[in-house]
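Participant: Quick one: this structure, given as structure tokens, is what I'll be asking you about.
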Amino acid sequence: MITLALDIVTTAAILFIVSAGLLIVFGVMKIINFAHASFITVGAYAALVASRLGLPPVLAPALAFLAGGLIGAAAERVVVRRLYGRPLDAILATWGLSIVMGQLVTLAFGREVQFVPAPISGTVMILGEGYSGYRLLMVGAAIAIAVLFTGLLNGTRLGLSTRAVIMNETLAQGLGIDSARVRLITFGIGCGLAAIAGALITPLASVDPNMGLSWLIGAFMLVMISGGSLLTLGLSCFVLGGLQVLASTFISPILGGLTIAVLAAVALRLRPEGFARA
Amino acid sequence: MTPTRSFSNVLAAAACTTLLAAPALAAEPIKIGVPVGLSGANSVVAPSVVQSAQLAVEEINAKGGVLGRQLALEVADDASGAAGAQKAFDSLVFQKKVDVLISMETSAARNAALPIVARGKVPYIYTSFYEGKSCSPFMYVNAWVPEQQVPPIVDYFNKEKGAKKFFLIGSDYAFGRGMLAFTKAYIEKTGGKVVGEEYLPMDGSDWTSIISKLKSAAPDALITSTAGGAPNVTLTKQLRAAGVALPYGNLAVDEGTAKGMGTDAEGIYLSASYVTGIDSAANKSFLDAMQKKFGAELKTPNDLSVPEYEAVYAYKAAAEKASSTDEAKVLKALGEVSVEGPRGKIEMSKQHHAPLTMYLGQVQADGSVKVIKSFLNVDPDAQCPNLKS
Amino acid sequence: MPDRESALRSTALASLPSVPRRLVRVGLPAIVAMVLVIAGPWVLDTYTLNILVRALFVAITAITVDVLWGFSGTLTFGQSAFFGIGAYALAIVFTQFGFGPWQALLALAAAIAVTAAVAGFVGWLSFYPGSTPLYASVISLVLPIVVVQLLYSGGSFTGSSSGLVGFESFDLSLEAWFRLAGAAVVATLVVASVALSSDAGRVLSAMRDNDERCSYLGIDTSLVRISLTVVAGAVAALSGFGYVAFSGVAAPENAGFVFGTQLVVMVALGGRGSLIGAVVGAVVIEVASAYLSSSLPFVWELIVGVAFVLVIVVLPGGLFGSLRDATSALRGRSAVAAARANSQVTLATLERAAAAPDRDDVVVEADGVSRHFGSLSVLSGVSFKARQGELVSIVGPNGAGKTTLIRCLADGRERSEGTVRIASHTIARLPPDRIVGLGLGRKFQAASVFETLSVADCLRIARTKSDPPSLLRASSVLALPAAARAVVESSGLAERLGEEARFLSHGLKQALELAMVLALEPRVLLLDEPTAGLTRAERQGFAGVLTDLVARERLCVLIIEHDLDFVRQISSRIILLHQGRVALDGPVADVVDDPLIREIYTGNNRSNKAM
């Protein structure tokens, strides 16, 4: 029972970490970054490089954020900038970007599956049951990310400009806010966050050029039903992630993998604009 | 240290091999096709398989080749799956027109490839252990089947660990299901009980809910049969992270992958036809030659890669016995020749399968395998009663 | 005026010359292609044939993606799922029951039946009134994932991760397979080409350009899209069926998301909206990846990825689209425009179905109509009746709820409370296309036409509901009701029937939209600020048209207007809305002189006269 509850909480945390970057990009720029999967992969390989170089594991997410953020900013300048107002084309172009990035990663690192050792091994005793310490760490990471970005959005000038752009870009521009710069920084941060997610999840699984793909659809659906709100995203991750764990445990892990996509599609049918204000 | 670039190494090595072949004799080289999982689940072990093939080809070519012709390797990626295998085999059989196919593949890839092998009429030596009962007049197998590999582990858990309740985990495809079906039958035959049987698709990597079910079923022992390579590693990692310390028998792990897992692999029981610790002159000279050829890039020789080495020699023996590379003659000869390799004397004489010496071992903290018991010349039983050999 | 019968006869006669022209345009390349297909096996080697057979089956599915995306505007990643269903239907039936004629028929029937059911469900889920193209794409993303997971969970029935192999299949030679696959591609191209260039095919382009306008012309766009999804799905399933019949292996990758996206890449690179582009894109990519995947695997895919990004961002037309643009640039825009403008479309007039009734029945009845948004009340308790032959102007300051009232009359789902009756039928919760069927026509404030269609085609689409268009012919006669024809001729549109709507001036676009709405032969006409942006002369012309319509055809016209002079000139009655309520309702003379109207417009709210 405890194990099940912890499974749900940690799964929700992992989903949140993976989706947060996509939400930020969608909320501010109203486009869906299908290259999100590749940025997760970039972060994972950054963690691989960090472990090969012998760096302390704490630095891996930082290295990942740097790599993801810089590549993301470059992508925004070159490709994404021309696609505002064309949401379906944005999905396609970012998907193309993802193919390009995947091939570059393969050229650099080879296409075989590789592994990163977990920084924390072993279990933590929770209420009489041992549970994976690293998974519990993910909960902490998710909370830290949520707090950090809410703080950024609400407590800084950049955050204020960003919120203005979210609400009414034309008006914000008219008031002198450089919305192009806001978009650039936001996209960079969103991609950097995806990379952090990649660095954090690799110790649990493995690294290969296509690993981000399995997270993309889940993250995408969660973002769609959350509208633009981080809080709603957290709730969606909890509810849908929880249902996924329950389905995996009591029905089958294979059908459990479907839960998020199917339920989110149904939810969107009922409320196409997402549940942000609910 | 630079990240491994095994594919470009393979490409370079294959190019070198073909270059070596060219000036030696005017005769055209004999092409050996090696379709293997350079990407996907098997990508962890594929490099070791290619290295074995490369060493065998180099040694044979240095001694004059086969029937006066040099050997050349054609490596292709089957992506560890059915769709990729189709493309790889099509390319090797119809485009590159290889004389023989020698490789280790997932069962999904093998099953998809067999119709192409039959259509192209190319001899195929399958060098991977698998779930058994796959039969084709064109295919020979020199690796183990469940009848040879499973009983040692189950018997050991039963007698030495007193295990009565078993939990089974596998990858959801022919190999995983086939192995665990045999295992379940054997467990029940020897008085044990299976309290849980769970599967994930071959590419799945999230074992969380299965591990939770394992814990709540509270078995005495765990036996797994995932696709070789990546799923093994993710499962073991997640098992250890969740604190599972049961007797753990892994039917599909090889020494190389175990070494790659690091400390997580310690304590795993495996049953294999090859471990690096085999104390024989043939094994020692094999390991020396591998070390000399590949140096720091050497991938641990293991139960999936050594049969590849021996299979190349088996082809040499068969072609020389048949005095030709004609496929019908070679196929007949393959069932009659024997090879002395690191695993001892191998003869694919039992309905296209081979009796093998099996070793029950446990992975140590440094990644090496300590042999607990060995079983000489274990018979594969009747795998293909309809094949005449 | 020629009567209806002769108009239809001339329609039939006039469409004949167009058949040979289209026949040549489609037939000639088809014959050349078939010659290539038959000759192919004599020239190409075994390995290439092998790859081409598979590539050709994939090309058929690529054509369906092009039809859905390039022609009807729905970006779909899900055609791979239907391909996979067809593939697995064959594999499962042959594995379970062996191979034979009845098994083959069973497999075929299963492939089509399951696909139709799934496609119908997916269509119903994606295309409901008010759905967005993005949602349809989302569903198309989820579909292959669901299908693949179901395949994984099928144990030995579906082969799970291994897929299904080893089943006996059709025993044709490689050459025969090549000819069969090639012929299938040519047939699909011909059928698609004929259907899409027919009158019915134009409806798809219209829906892609302006879905809302189509609804308001009485076309049930959801039904059209769902039907298209089912047909496209079935074709994809058949190509999957052929693919696996040839290759002998059914793997989950055949139904997966990655394959679905590859199809989109093929169509994008080859040229969306040009059927041949889809085929070229599919064949080139499949063949090149087979050859290059062993020697330069990463570089090849990298090149494809970069090309794809370039196409999406800079060259939306892909290969064939860019070729088309280049050739028209070479030929010169004026030549093309002249060619288009000189299209041989002739106008004809339809006889009135029935004599315009001399009565003055109530055709619009609103009773207690209210519209709330949460606690904000935009309309409350609006009630009035309007009769045939009345020209009622709805006036009021901004925010009074005028457009919302029009919406509540035209769309049964808009209002929060109250009843609306059009031609004595309660509209309940009917969508716009059904209400149009009751006899209502709505003209939007911003001219809502089909930008990339010609004037003639726009008008033809407007006649879809009454004259169902053919899937074969592209007729060259445009038969319109007298009122619509009058607008077309008096506005000068009659000289520009071949010109694309987006090149028209603002005033002409408004006239076109009015003609389109009149082509519906409505009994009630709703107009939303129709004179906005018109010149004085245009406004006068418009006034003349409206008064004519009311007098001769006995239409009931409800018109939202700000220009009080215009209102005074043409209306028989004025309804004044203020803050969501009817403040005044009566003949022109009474309302115009009422002091309340001045107070409301200048913002003086001293008197709160309840009406």
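Participant: How big is the charge dipole of region C:15-303 about its Cα centre, in debye rounded to the nearest 20, if each Lys and Arg gets +1 on its Cβ and each Asp and Glu gets -1 on its Cβ?
Facilitator: 560 debye
Participant: Once phi is turned into ³J(HN,Hα) by the Karplus curve 6.51 cos²θ - 1.76 cosθ + 1.60 with θ = phi - 60°, what whole-Hz value does each residue of region B:311-316 show in order, with x for glycine and proline?
Facilitator: So the Karplus estimates, Gly and Pro as x, are 5, 4, 5, 4, 5, 4 Hz.
Participant: Related question: Would you work out which of C:Gly260, B:Val195, C:Leu315 lies farthest towards the positive end of the dipole of the protein assembly as shown? Charges go on Cβ: Lys and Arg +1, Asp and Glu -1.
Facilitator: C:Leu315
Participant: Just want to confirm a number: the relative contact order over region C:15-303, from Cα pairs under 8 angstrom separated by 6+ residues, in percent.
Facilitator: Reported relative contact order: 38 percent.
Participant: Within 10 Å of each residue's Cβ, count the other Cβ atoms and sort A:Phe149, C:Phe178 from fewest upward.
Facilitator: Values: A:Phe149 18, C:Phe178 23.
So the residues, fewest neighbours to most, are A:Phe149, C:Phe178.
Participant: For C:Leu379, which sequence-distant residues (separation of 5 or more, or a different chain) have an amide H within less than 5 Å of its own amide H, given hydrogens modelled in the peptide plane?
Facilitator: Counting only residues 5 or more places away or on other chains, the set is C:Arg371.
Participant: Moving on to the next point. Enumerate the calculated ³J(HN,Hα) couplings along region A:211-228 in order (Karplus 6.51 cos²θ - 1.76 cosθ + 1.60, θ = phi - 60°), each rounded to whole Hz, writing x wherever the residue is Gly or Pro.
Facilitator: 5, x, 4, 5, 8, 4, 5, x, 4, 4, 5, 4, 5, 4, 7, 8, x, x
Participant: Can you give me the angle between helix B:46-62 and the longest principal axis of chain B, using Cα atoms only, in degrees from 0 to 90, rounded to the nearest 10?
Facilitator: 30 degrees
Participant: Name the long-range amide H neighbours of C:Leu584: under 5 Å, sequence gap of 5 or more, or other chain; modelled H, no Pro or chain starts.
Facilitator: Here C:Leu576 satisfy the definition.
Participant: Assuming a ≥ b ≥ c are the square roots of the Cα gyration tensor eigenvalues, decide whether region A:2-210 counts as rounded (a/c under 1.5), prolate (otherwise, with a/b larger than b/c) or oblate. All intermediate terms of the calculation are to be shown ahead of the outcome.
Facilitator: Details: a/c = 2.22, a/b = 1.43, b/c = 1.55.
Oblate.
Participant: Give me the net charge of B:Pro380's neighbourhood, meaning all other residues with Cβ under 13 Å from the Cβ of B:Pro380; Lys, Arg count +1, Asp, Glu -1.
Facilitator: -3
Participant: What list do you get for C:Ser169, A:Ser252 if you sort them by fewest beta carbons within 10 Å?
Facilitator: Fewest-to-most Cβ neighbours within 10 Å comes out as C:Ser169, A:Ser252.
Participant: Just going by the charge dipole of region A:2-210, with Lys and Arg at +1 and Asp and Glu at -1 on Cβ, which of A:Val79, A:Ala37, A:Leu152 is farthest out on the positive end?
Facilitator: Highest projection toward the positive end goes to A:Val79.
Participant: Counting Lys +1, Arg +1, Asp -1, Glu -1, what net charge surrounds B:Tyr156 among other residues with beta carbon under 15 Å of its beta carbon?
Facilitator: Its environment carries a net charge of +2.
Participant: Note the count of lysine pairs whose C-alpha atoms are less than 21 angstrom apart in region C:362-602, limited to pairs 8 or more residues apart or on different chains.
Facilitator: Numbers: C:Lys385/C:Lys402; C:Lys385/C:Lys443; C:Lys402/C:Lys443; C:Lys443/C:Lys465; C:Lys443/C:Lys509.
For region C:362-602, qualifying lysine pairs total 5.
Participant: Ranking C:Thr346, A:Thr170, B:Thr236 by Cβ neighbours within 10 Å, fewest first, what do you get?
Facilitator: Placing the least packed residue first, the sequence is A:Thr170, C:Thr346, B:Thr236.
Participant: So what's the net charge close to C:Phe542: Lys and Arg +1, Asp and Glu -1, counting the other residues with Cβ under 14 Å from its Cβ?
Facilitator: Surrounding charge for C:Phe542 is -4.
Participant: Now for a different question. Could you pull out every residue, at least 5 positions away or on a different chain, whose amide H is within less than 5 Å of the one on B:Ala163? Hs are placed 1.01 Å off N in the peptide plane, and Pro or chain starts have none.
Facilitator: Those qualifying (amide H under 5 Å, at least 5 residues apart or on another chain) are B:Asn158.
Participant: For the residue pair B:Ala181 and C:Trp124, what label-to-label distance in nm results when each label sits 7 Å from Cα along the Cα-to-beta-carbon direction?
Facilitator: It works out to 3.7 nm between the two label points.
Participant: Within region A:25-122, report the trypsin sites (Lys or Arg not before Pro) that DSSP leaves as loop and that have at most 15 other Cβ atoms within 10 Å.
Facilitator: Filter output for region A:25-122: A:Lys30.
Participant: What's the longest uninterrupted piece of chain B once you rule out the trypsin sites (Lys or Arg not before Pro) that are loop residues per DSSP with at most 11 other Cβ within 10 Å?
Facilitator: Longest site-free region, per DSSP loop and neighbour criteria: B:64-387.
Participant: In addition: Given the options B:Ile372, B:Ile30, B:Ile268, which has the most mean-square fluctuation in a GNM of chain B, springs set between C-alpha atoms less than 10 angstrom apart?
Facilitator: B:Ile372
Participant: If I build a Gaussian network model for chain A, linking alpha-carbon pairs within less than 10 angstrom, which residue out of A:Glu112, A:Glu169, A:Glu76 has the largest mean-square fluctuation?
Facilitator: A:Glu112
Participant: Rounded, prolate or oblate: which one fits region C:104-178, using the alpha carbon gyration tensor with axes a ≥ b ≥ c (rounded when a/c is under 1.5, else prolate when a/b beats b/c, else oblate)?
Facilitator: It comes out prolate by the Cα gyration axes.
Participant: Treating only the Cβ atoms of Lys and Arg (+1) and Asp and Glu (-1) as charged, compute the dipole magnitude of the protein assembly as shown about its Cα centre; round to the nearest 20 debye.
Facilitator: It works out to roughly 1160 debye.
Participant: Hey, another quick one. Evaluate the Debye formula for the protein assembly as shown with equal point scatterers sitting on the alpha carbons, no solvent, and hand back log10 of I(q)/I(0) at q = 0.06, 0.08, 0.09 Å⁻¹, in q order, two decimals.
Facilitator: -0.61, -0.98, -1.17
Participant: Using +1 on the beta carbon of Lys and Arg, -1 on that of Asp and Glu, and nothing else charged, what's the dipole of region A:2-210 about the Cα centre, debye to 20?
Facilitator: Computed about the Cα centre, the dipole is about 560 debye.
Participant: Which whole-Hz couplings ³J(HN,Hα) result when phi for each residue of region C:192-197 is put into the Karplus expression 6.51 cos²θ - 1.76 cosθ + 1.60, θ = phi - 60°, listed in order with x for Gly and Pro?
Facilitator: Karplus-based 3J(HN,Hα) across region C:192-197 equals 4, 4, 5, 5, 6, 8 Hz.
Participant: Ok, one more. Per residue of the protein assembly as shown, what 222 nm ellipticity follows from adding -39500 (n - 2.57) for every DSSP H run with n ≥ 4, rounded to the nearest 500?
Facilitator: Taking each H run of at least 4 residues, the total per residue is -18000 deg cm²/dmol.
Participant: Efficiency by 1/(1 + (r/R0)^6): what FRET value for C:Thr535 and C:Val314, r their Cβ-Cβ distance, R0 = 25 Å, to the nearest 0.05? All intermediate terms of the calculation are to be shown ahead of the outcome.
Facilitator: On the way: r = 39 Å, r/R0 = 1.56.
Efficiency for this residue pair is about 0.05.
Participant: In peptide B:71-84, what is the residue-averaged number of other protein chain Cβ atoms found within 10 Å of each Cβ?
Facilitator: The mean count of partner-chain Cβ atoms within 10 Å per residue comes to 3.
Participant: In degrees from 0 to 90, rounded to the nearest 10, what is the angle of the helix C:257-270 Cα long axis to the longest principal axis of chain C?
Facilitator: 80 degrees
Participant: What shape does region C:23-99 take by its C-alpha gyration tensor, where a ≥ b ≥ c are the square roots of the eigenvalues and a/c under 1.5 counts as rounded, a/b above b/c as prolate, and the rest as oblate? Let's see the in-between values first.
Facilitator: On the way: a/c = 2.27, a/b = 1.12, b/c = 2.03.
Because a/c hits 1.5 or more and a/b fails to exceed b/c, region C:23-99 counts as oblate.
Participant: May I ask for the distance between the Cα centers of region A:125-202 and region B:353-368, given as a whole number of Å?
Facilitator: If you average the Cα positions of each part, the centres end up 49 Å apart.
No lab work stands behind these numbers, since they all come straight from the coordinates. Quantities reported herein were computed from a predicted structural model and do not represent experimental measurements. Every residue, glycine among them, receives a Cβ derived from its backbone with ideal geometry; neighbour counts consider all protein chains shown.
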